[in-house]
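Notes follow once the structure below has been shown.
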Amino acid sequence: MTFRPTAVVTGASSGIGAATARALAKAGFHVVLGARRVDRCAEIAAEIDGTAVRLDVTDPESVSAFAAAVPDCTLLVNNAGGAKGLEPVAKADEDAWRWMYETNVLGTLRVTKALLPALLASGDGHIVTVTSIAAIESYDNGAGYTGAKHAQAMLHRTLRGELLGQPVRLTEVLPGMVDTEFSLVRFAGDQDRAANVYRGLTPLTADDIADVIAFAATRPSHVNLDQIVIKPRDQASATRAHRA
Ligand code: NAP
């Protein structure tokens with residue numbers, strides 16, 4: 001049997017994470033899929049000969065147990081995350097902000113710290129972090145999410161310097177609008193409000209992002225794609241889009 005390096009994908013139960021797990025398996029990785037809805041991960045794992053392990057990135061014990069179940073790791077895709085709500089700062093919901101910081105920022109920190117020894121030991125590690133154009137822009141009513149994504153990006157970009165001289169590459173992927181469960185989660189299951197986000201334009205698909213992550217992961221070891229911003233043709237910025 002041919003050797004398959006191990007790739008860990010967090011938030012692999014839906015959207016970008018699920019598509020990335022499939023793309024990386026196709027590129028020759030053994031993929032470990034982590035998320036809270038582990039049943040969904042297990043279905044994808046069965047399809048791609050991968051491994052599903054329950055993971056709640058907001059829970060330190062869950063992250064430790066997850067890392068203990070991953071014997072080796074060459075590629076880590078920090079993808080678990082999302083937004084909750086769209087309110088002005090004056091009406092900010094602290095619980096929603098706490099969720100966004102715990103999931104996007106501290107979740108990325110916990111998983112990265114837990115798997116860094118294995119990534120270094122691999123001799124050819126790679127950390128891909130899915131931030132967002134919200135990590136380079138601000139927009140009205142979005143401070144909870146843009147703040148969390150900026151903080152997540154700072155963690156990732158700081159590591160790029162701290163790991164200089166070590167055998168670990170760092171790639172930040174910054175998507176614009178991608179049609180996943182993202183807006184459904186943001187608007188607490190409100191289907192109409194979620195669909196309205198993508199009204200009149202062609203958004204990116206999860207496969208579009210997965211494709212780019214697999215491309216970055218399969219470059220030669222000395223090639224580091226630092227930052228990749230991906231938007232639909234119809235979207236110029238977080239606040240400017242063309243709608244038919
Ligand atoms: P999605 O379909 O809602 O997927 C989010 C994933 O994160 C799910 O698999 C979810 O799994 C996981 N997750 C959430 N909380 C978690 C936790 N506590 N522990 C472990 N996993 C957790 O949305 P998506 O668009 O694919 O989002 C993936 C990433 O892309 C996020 O970081 C998001 O911020 C970023 N992004 C999305 C867009 C967009 O327009 N869609 C744009 C830019 C950036 P469980 O619920 O099963 O745990």
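With a 1.4 Å probe and all protein chains in place, put Glu43, Glu87 in order of accessible area, largest first.
In descending accessible area the options line up as Glu43, Glu87.
Considering only DSSP beta bridges with both partners in the chain, what is the antiparallel share in %, to the nearest 5?
Of all bridge pairs located within the chain, approximately 5 percent are antiparallel.
Provide the descending list of Cα extents for region 1-51 along its principal axes, expressed in whole angstroms.
Answer, in whole Å and largest first: 30, 17, 14 Å.
Can you give the net charge of the other residues whose Cβ lies under 13 Å from the Cβ of Ala25, counting K and R as +1 and D and E as -1? Provide the component values of the computation, followed by the final result.
On the way: positive: Arg4, Arg22, Lys26; negative: Glu47, Asp49.
Result for the neighbourhood of Ala25: +1.
Could you work out how far helix 15-26 tilts from the main Cα principal axis of the chain, as a 0 to 90 degree angle to the nearest 10?
Computed tilt is about 30 degrees.
Relative contact order for the chain: what percent, with Cα pairs under 8 Å and sequence separation of 6 or more?
Computed value for the chain: 20 percent relative contact order.
Okay, which of region 85-100 sit inside 20 Å, backbone N to the point 7 Å along the Cα-Cβ direction of Arg199?
Only 85-88 pass the distance filter.
In Å², what does the accessible area per residue of the chain work out to with a 1.4 Å probe?
I get 47 Å² per residue for the chain.
What list of whole percents do you get for P(r) of the chain, with Cα-Cα distances grouped in 5 Å bins up to the one holding the largest distance?
Taking every Cα pair in the chain, the percentages come to 1, 7, 14, 19, 21, 17, 11, 6, 3, 1, 0, 0.
If you find the alpha carbon centre of region 1-53 and of region 110-138, how far apart are they in angstrom?
Result: 17 Å between the Cα centres.
Please compute the modelled spin-label separation between Arg243 and Asp72, points set 7 Å along Cα→Cβ, answer in nm with one decimal.
Between Asp72 and Arg243, the label points sit 5.0 nm apart.
Would you mind calculating the gained length between Asp59 and Phe215 on full extension (0.36 nm times residue separation, minus the Cα-Cα distance), in nm to one decimal?
53.1 nm
Run the paramagnetic zone check for Asn141: 7 angstrom along Cα to Cβ, then residues of region 160-197 with backbone nitrogen under 20 Å.
Label zone hits: 176-197.
Of the heavy-atom accessible surface of the chain (probe 1.4 angstrom), what whole percent is carbon and sulfur? Could you put the intermediate results ahead of the total?
Numbers: 6110 of 11550 Å².
So the carbon and sulfur contribution to the accessible surface is 53 percent.
With a 10 Å radius around each residue's Cβ, average the other Cβ atoms per peptide and rank 214-227, 166-179, highest first.
166-179, 214-227
Taking the mean number of other Cβ atoms within 10 Å as a proxy for protection, how do you rank 19-31, 58-70 from highest to lowest?
Working: 19-31: 22.9, 58-70: 15.8.
Final packing ranking: 19-31, 58-70.
Can you give the angle from 0 to 90° between the axis of helix 38-48 and the longest principal axis of the chain, with both taken from C-alpha atoms, to the nearest 10?
Tilt of helix 38-48: around 60 degrees.
With every protein chain in place, what's the accessible area of Ile228 (1.4 Å probe, Å², nearest 10)?
30 Å²
The values are calculated or read from the model by the stated rules, or taken from the named source; none is laboratory data. Keep in mind that this is a model prediction, so the values were computed, not measured. Counting neighbours? That spans all protein chains shown, and the Cβs are built from the backbone with ideal geometry, glycine included. Ligands, DNA and RNA are stripped out before the accessible areas are found, and what is left, the full protein with its side chains, is counted by its heavy atoms. Shrake-Rupley method; radii C 1.70, N 1.55, O 1.52, S 1.80 Å.
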